Amino acid sequence: MDFIEGLPPSQGKNTILVVIDRLTKYAHFLTLSHPYNAQQVAQVFFDQIHKLHGIPTTIPYRQNTVAFRRNLKLAPKFYGPYQILAKIRKVAYRLQLPPSSMVHPVFHVSQLKKKVGDLVSVNPELPRVGPDGQFLVYPVAVLKRKLVKRHNSAVVQFLVQWSNAGPEDSTWEDSSVLTRHFLDFQP
């Protein structure tokens, strides 16, 4: 599964969800309207793929756990809108970011998106960054709890909502990993 975004609108759709069968290499191209969420993607998948092939026995999925999230550079979302202060050569712009921002204010055009209309969802708060320039990601809420069996013992897991992400981007994490990495977090 992958997404092709930023396409010119056609019949109100501007994103293509690409689903490829790993065995037959048969490709499905499903249209979506941006912005979309995980529930809308799941509904399109169910409506279009399930009716043809049934429920897949496996879906490859790489869950971003605490170990991966510590190395995030840019989240797949946009912040702003911010005023353009200057054009720097042909492919870079300097933006007027909040004074508290520790993010460098010059961006390549591929990292920018033109604000069109009033219904564009934006996040005016920039994520916090550490001294090394990496985004600081931390748990903000536990949405669910469950017990899983691992090596003949029960392990408590939490469905964690992360900073700078919505509930649809939540991940299951072992409670021991959370308490080890985030000492102040009380689930």
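Of note:
- Failed item, numbered, when L30 is tested on (1) assigned to a strand (DSSP E or B); (2) out of contact with any helix residue (DSSP H, G or I) (no Cβ under 8 Å at 6 or more places or on another chain); (3) surrounded by 13 or more Cβ atoms within 10 Å (Cβ to Cβ): (2)
- Hits in the stretch 15-27 - residues which are farther than 14 Å from D47 by Cα, of a type in the set (V, I, T) and assigned to a strand (DSSP E or B): T15, I16, V18, I20
- Test: residue in the stretch 110-120 that is modelled with pLDDT of 80 or more, assigned to a helix (DSSP H, G or I) and not assigned by TED's automatic domain parsing to the domain that holds G12: yes
- Scan of the stretch 35-44 for residues that are touching a residue at least 24 places away in the same chain (Cβ under 8 Å) and surrounded by fewer than 15 Cβ atoms within 10 Å (Cβ to Cβ), ordered by number: P35, N37, A38, Q39
- The set of residues in the stretch 146-166 being exposed (fewer than 14 other Cβ atoms within 10 Å of the Cβ) and in contact (Cβ under 8 Å) with a residue 24 or more places away in the chain consists of K146, G166.
- The single condition among (1) surrounded by 13 or more Cβ atoms within 10 Å (Cβ to Cβ); (2) at pLDDT 75 or above; (3) within 26 Å of F3 (Cα to Cα) that L97 does not satisfy is (3).
The values are calculated or read from the model by the stated rules, or taken from the named source; none is laboratory data. If you're wondering where the values come from, they're calculated on a predicted model, not measured in any experiment. We place every Cβ from the backbone using ideal geometry, glycine too, and count neighbours over all the protein chains shown.
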